[in-house]
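The values are calculated or read from the model by the stated rules, or taken from the named source; none is laboratory data. Keep in mind it's a predicted model, so treat the numbers as computed, not measured. Don't worry about glycine lacking a Cβ; one is built from the backbone with ideal geometry, like all the others, and counts go over all protein chains shown.
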Amino acid sequence: MANYVFHKADSRGNANHGWLHSKHTFSFAQYMDPQRMNFGVLRVLNDDRVAAGQGFGAHPHNNMEIISIPLSGDLQHQDSMGNKGTIRQGDIQVMSAGTGVTHSEYNANQDQEVSFLQIWVIPAVRDVKPRYDQLTLDPNDRINTFQEVISPGPKVDGLWLHQDVWFSLSKFNPGIEKTYTFKGTGTGLYVFNLSGEIEVDSKTLHARDAVGVTGARSVEIKAKSETEFLLMEVAMT
């Protein structure tokens, strides 16, 4: 029997630092809620907006899988592995912090903010060699379907993490209804609605609402309007 946990957009933690406005789905930094620590191995889901020319200075991480998905604007990346570049809407960046990595993320523009999702996944293995990758996606490949963008690894091509996770992006036209079938065993599905209105098993999500589903092998997703959303199927243990 399927179980559902709902996280409404206005229930998220709110941090406004002037240069950074962040909404925290799960406990992060000064936002602490014992009931909102994680969904399985999905540990952090931050909805960040960074002011023009501002950003996160160099800071360290270890033993965490880190994903950045720009929603608008340009994000400039630099890290201790020697990687330097810019990711834009349509790109996805993944980083395995492993034994330790230092990185910075800045708004590459002086005239507009950058909006992006910062996601952390707890890895299945610790102390791996740090790794960085990014990929430019074709947004047409997500129209009225599930565009798989991250899967378990290691593997030769495509973005992957050291964990049993499958991320998909979708853009549905009004009235489109599709069945998402779980790919893993013992996994849960976390649906984060970016825009518009969708139903997940007849339960309505508005923009920035989310639902976690466990105890199921599939879910029905229907667009009530033009909508975009992110699906994160993750190991629950």
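Descriptive notes on the structure:
- If you go through segment 126-178 and pick out every residue that is within 20 Å of E65 (Cα to Cα), assigned to a strand (DSSP E or B) and of a type in the set (D, E), you end up with 2.
- Search result, residues across segment 180-219 that are among the β-branched types (V, I, T), closer than 15 Å to E233 by Cβ and surrounded by fewer than 19 Cβ atoms within 10 Å (Cβ to Cβ): T181, T185, T214
Matching residues to (1) closer than 25 Å to P152 by Cα; (2) surrounded by 18 or more Cβ atoms within 10 Å (Cβ to Cβ); (3) out of contact with any helix residue (DSSP H, G or I) (no Cβ under 8 Å at 6 or more places or on another chain):
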{"residue": "T25", "(1), (2), (3)": "yes, yes, yes"}
{"residue": "G40", "(1), (2), (3)": "yes, yes, yes"}
{"residue": "L45", "(1), (2), (3)": "yes, yes, yes"}
{"residue": "R49", "(1), (2), (3)": "no, yes, yes"}
{"residue": "P60", "(1), (2), (3)": "yes, no, yes"}
{"residue": "S68", "(1), (2), (3)": "yes, yes, yes"}
{"residue": "G73", "(1), (2), (3)": "no, yes, yes"}
{"residue": "M81", "(1), (2), (3)": "yes, no, yes"}
{"residue": "G90", "(1), (2), (3)": "yes, no, no"}
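- Qualifying residue in segment 181-189 (condition: under 23 Å from L161 (Cβ atoms), at pLDDT 95 or above, among the aromatic types (F, W, Y) and outside any loop (DSSP other than H, G, I, E, B)): no
- Scope segment 140-176; condition without any contact (Cβ under 8 Å) to a residue 40 or more places away in the chain and among the small types (G, A, S); matching residues: S151, G153, G158
- The residues on offer are G82, G73, G90, and the sole one that is free of Cβ contacts under 8 Å to residues at least 40 places away in the same chain and not hydrophobic (A, V, I, L, M, F, W, C) is G82.
- Just one of the listed residues (A223, A207, A216, A235) is in contact with a Gly (Cβ under 6 Å, 6 or more places away or on another chain) and either hydrophobic (A, V, I, L, M, F, W, C) or under 25 Å from Q163 (Cα atoms) (or both), and it is A235.
- Filter result (basic (K, R), surrounded by fewer than 19 Cβ atoms within 10 Å (Cβ to Cβ) and under 23 Å from A207 (Cβ atoms)) within segment 120-179: K178
- For segment 28-104, the strands (runs of 3 or more DSSP E) that sit wholly inside it and include 3 or more residues that are over 23 Å from L230 (Cα atoms) and over 12 Å from the mean Cα position of the chain (by Cα) are 55-61.
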